[in-house]
Structures are given as structure tokens and as C-alpha cells.
Amino acid sequence: MISGGIVESRFVAGFSLVDHHLQCDGVDLGAIAAVEGTPLYVYSAELLRARFHALDDAFGTYPHALHYALKANSNLAIGRLLHGLGSCADANSIWEIDVARRMGFRPDQIVFTGVGKSPEELERAVTLGLKAINVESAGELARIEALAVAHGQPARVAVRINPDIDAKSHPHISTGLKINKFGVPVDAARELFTTLSGRPYLKLVAVHVHIGSQVTSLEPLRGAAEFVAAIAVELRRMGMELEYVDVGGGLGISYDGSPVIEPRAYVEAIVDAVRPTGLPIVIEPGRSIVGPAGVLLGRVIDLKPRNAISDFAVLDAGMTELMRPALYGAFHRIEPLRASGAEPRHYELVGPVCESSDVVGRDRMLPPLAIGDVVAIRDAGAYGSAMASNYNRRPLPAEVMVDDGHWHVIRRRQSIDDMLALEFGGKGAPVR
Ligand code: LLP
């Protein structure tokens, strides 16, 4: 639109309705779905950048590093984009480390967490010389030490402490309570620290906490940061100087539109907690960067009456593409790609998978849907594609990134040949 010689940009980063059509970074989602098909994940490069910068900039001059949690979404293009912005990486398996390396992350930009690291994973982690292996038990620390000795290469370790803090998130994704399997209890950690002085192949570089994911109250996050800061001070008194503290990830996003913690408030709380130590801060955000930057597009493939007031809308996207509703009862906003003023109707939006738990949106009011309509399932950028499966032999969907007014396929749709490429058709694998 031209007015007074000034080109009015209608561009809005992320997903917004323009002239009743849902767009991603100014590109019509309907047009993308028409070409690339559904189900389809669509990501906004501009929103990814904005969300990374919102967290990063909030630290101001305070020394820090953002280690993007790859588990949220480890598509190569997304990782490379974040790497290009100055992100580091948090990996949860040796395979995520390999993916991180292919994204361009150097070993000294990667922290490795994981409650059960196999001997092979530990060996590779030690020999790669990562920024830190976040250690989950005294036994694991001893195994790392043995490998470090065997390879003549001291290992950089951080001890993950279980702070017994209630993240007040869904029980499946709360990790900071004593009853959870994660980390070393604080008393055991203190004991472990006393053993470190005579162990030259272990270099304690940090203490680590991660209390859970989709945390929507600030207090537990602040509490976790205060906790690691206090431990760092204790260690300093014992003559052990850390390089940084790692306060984990967990910052929640708004799935239903209600207000959540702003990145600035979150960063301010953790910086306030850690500042007295003077130590740099590592955070491991996943969802808060990539969650809102992605949608899952699904097409209505059937409609049928459910009860007197409601219909089932069967989509071609379900628990195989977005596990969160089935696994955690999670809520994701769902909207048609074309806004309509028509009287809304009551729908149960379900996926095509043979499970009654395959409900994407329960009891939703939406404008009347017709077969062939495409809907956007919002905030599917994190733990969507990353948790997708081939259940019912459904192929993994394509993924698309919109950047600078164009879209690019960043993962093609899986074909049946891709899916069967690892199988031997009843003849069995070649005998070794
Ligand atoms: N660091 C560690 C050690 C973690 O275990 C996690 C997530 C993160 C960082 C990143 O947390 P975030 O910033 O994304 O909250 N599948 C679940 C979430 C599982 C999170 C597991 N750990 C979901 O869909 O809600």
C-alpha cells in the first residue's frame, strides 16, 4: 500500500491475519499448503531471530551464553540459523551432538546433558572435548574420569544438581523435584565436590540445574538460579572456582494467549540471582525460542456428528505430528487459515490415528469447517516435529521455513521408500 510516497509495510514477524488470511512473515499460509501439501510444519525465520534476540539482548552486558536446547527442534536449518545468530547448543544424546556439529557448533559450544549416557556416548563426549558434560550421578562422574584417563584428555564437567524445587509445570515435564530421576541430590553433590581435588582428569567447570519445562511462574526459575549461585559461592569457599553457572531451560510460552513471563523479566531474575558471584550464566532455552515460531498445518478430511451440539473434524494431522495434546493434555490454539465472521460451531478436532487419545483440540469453537479446509495448529515449533513418529506408518511431514518473503522446504516429506529403507523385507539382515 502506498500512501504519501511512503511504502507502508504490512509485514509482521510471525503468524498474523492479514485481510482475513493467516500469513507467516507476510506469506499466505494457504498458498504454502496448496503447494507443499499437508500435514506441514511452517516456521518463521524472522520470529526465530526475534525470540533469540529477545533473550540474548535482555542480558545486556552481563556475560552469558544461550545454549539452544536442540531437543525442542533440531532441524538443520533451524539450528544453523540460531548458530548464525551466536547461539550455542545443549544436546541430549550423542546423536544430537552429531547434528549440532553438522549445524556448525564447535565442541566448545556444546553442553551435553542426559540422564542416561551410554559408554559410547561418554567416550565420544570426552574425546570431543565439549564445553561441559553435565553429570547426573557419582557413577557417571567416575566413568567419565576413567575415559579421560584412558584417553589422556581431562574432561570438563558440570554437576547437575537436583535442587528439589517444584517447577509447578505438568508432572511429566517437571524435573527438579527429589522424586524425579534427574541430577544429583544436593547433599550427595556436596560430598562429590570434596572428592574432586585429587582428580586431575576431571575439571569442574560449572554447576547445572534444570527444574522443568513450560515453567510459567518466575519464582521457581529465580529459585533455581539462586540455588546454583549459592552452590558456586560454597565451592569458591572450598577453593574451587567455577567458569560459569548453568541454570537450564524451561521458560514457558503462552499457548492460550494469556500473559506469561517476558524474556526480560526472566533474564533479570536470573542475572540478579547470579550477579553476586560474578560468574557468567548459561541458559538452555528450547521452547521459548522455537515454540511460537512454528505452526502445524492440517487439512480437514472428514466431518461427522459427535453429539447434539458438536461435530468431529478429522484432520490429516494428529498425535503422530504433534504428541503434546495426547501426552500432556496440552492446549494448542487452532484456527482456520481464512478468518470468517460466520457463527462459530462446536468441534472436537481429532487426528487420523487409531487412538482415542488422538485429539488435537478438545471442545473448540471455530467458524464452520468444510472438508478440504486447512487449519493452523499454533505454537508447534517446539516438541512438534522433534517428537513426531511413523505410528500407523504415517510419513514424517515436510517442514518449511519462511524467510524474507519466500518459503524454503527445509525437510522434504518422508516417502514410503525412505520409511522402508532400513528394513530387510523378511529375509533378515545380512549375516555378519
Ligand atoms: N535443558 C535440559 C536439561 C532439558 O531437559 C530441557 C528440556 C531443556 C533444557 C529445554 O527446556 P525448554 O526451554 O524447552 O523448556 N516434550 C515436552 C518438553 C520436554 C522438555 C525436556 N527437557 C513438551 O512437549 O512439553
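The values are calculated or read from the model by the stated rules, or taken from the named source; none is laboratory data. Given the structure is predicted, the values throughout are model-derived calculations rather than measurements. Glycine gets a Cβ as well: all are built from the backbone with ideal geometry, and neighbour counts include every protein chain shown. Ligands, DNA and RNA are stripped out before the accessible areas are found, and what is left, the full protein with its side chains, is counted by its heavy atoms. Shrake-Rupley method; radii C 1.70, N 1.55, O 1.52, S 1.80 Å.
Miscellaneous remarks
- Number of residues in region 229-266 that are open to solvent by less than 20 Å² (accessible area, probe 1.4 Å) and in contact with a strand residue (DSSP E or B) (Cβ under 8 Å, 6 or more places away or on another chain) equals 15.
Let's see how each residue does on (1) among the aromatic types (Phe, Trp, Tyr); (2) away from the ligand (no atom under 16 Å from the Cβ); (3) out of contact with any strand residue (DSSP E or B) (no Cβ under 6 Å at 6 or more places or on another chain):
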site	(1), (2), (3)
Val186	no, yes, no
Ser197	no, yes, yes
Tyr201	yes, yes, yes
Val215	no, no, yes
Phe227	yes, no, yes
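- Failed condition for Arg160, given (1) out of contact with any helix residue (DSSP H, G or I) (no Cβ under 8 Å at 6 or more places or on another chain); (2) assigned to a strand (DSSP E or B); (3) away from the ligand (no atom under 12 Å from the Cβ): (3)
- Candidates Ala229, Ala206 - the one that is assigned to a helix (DSSP H, G or I) and of a type in the set (A, V, I, L, M): Ala229
- Restricting Arg49, Arg101, Arg124, Arg106 to those that are under 17 Å from the mean Cα position of the chain (by Cα) and charged (D, E, K, R) reduces the list to Arg49.
- When Phe331, Phe312 are checked against the criterion of being within 16 Å of the ligand (Cβ to nearest atom) and open to solvent by 30 Å² or more (accessible area, probe 1.4 Å), Phe331 stands alone in meeting it.
- Test: residue in region 335-357 that is at pLDDT 95 or above, within 16 Å of the ligand (Cβ to nearest atom) and among the hydrophobic types (A, V, I, L, M, F, W, C): no
- Among the conditions (1) farther than 28 Å from Arg378 by Cα; (2) open to solvent by less than 30 Å² (accessible area, probe 1.4 Å), Asp272 misses just one, which is (2).
- Residue count for region 290-302 satisfying the condition of being open to solvent by 10 Å² or more (accessible area, probe 1.4 Å) and in contact with a strand residue (DSSP E or B) (Cβ under 6 Å, 6 or more places away or on another chain): 3.
- Some residue of region 85-93 being surrounded by fewer than 24 Cβ atoms within 10 Å (Cβ to Cβ), over 24 Å from the mean Cα position of the chain (by Cα) and either farther than 26 Å from Ser288 by Cβ or in contact (Cβ under 8 Å) with a residue 24 or more places away in the chain (or both): no
- Meets criteria (free of Cβ contacts under 8 Å to residues at least 24 places away in the same chain, away from the ligand (no atom under 16 Å from the Cβ) and either assigned to a loop (DSSP other than H, G, I, E, B) or surrounded by 14 or more Cβ atoms within 10 Å (Cβ to Cβ) (or both)) for Pro305: no
- Residue in region 142-152 that is more than 16 Å from the ligand (Cβ to nearest atom), closer than 20 Å to Ile281 by Cβ and in contact (Cβ under 8 Å) with a residue 40 or more places away in the chain present: no
- Lone qualifier among Leu242, Leu218 - being touching a helix residue (DSSP H, G or I) at 6+ places or on another chain (Cβ under 8 Å) and within 30 Å of Arg362 (Cβ to Cβ): Leu218
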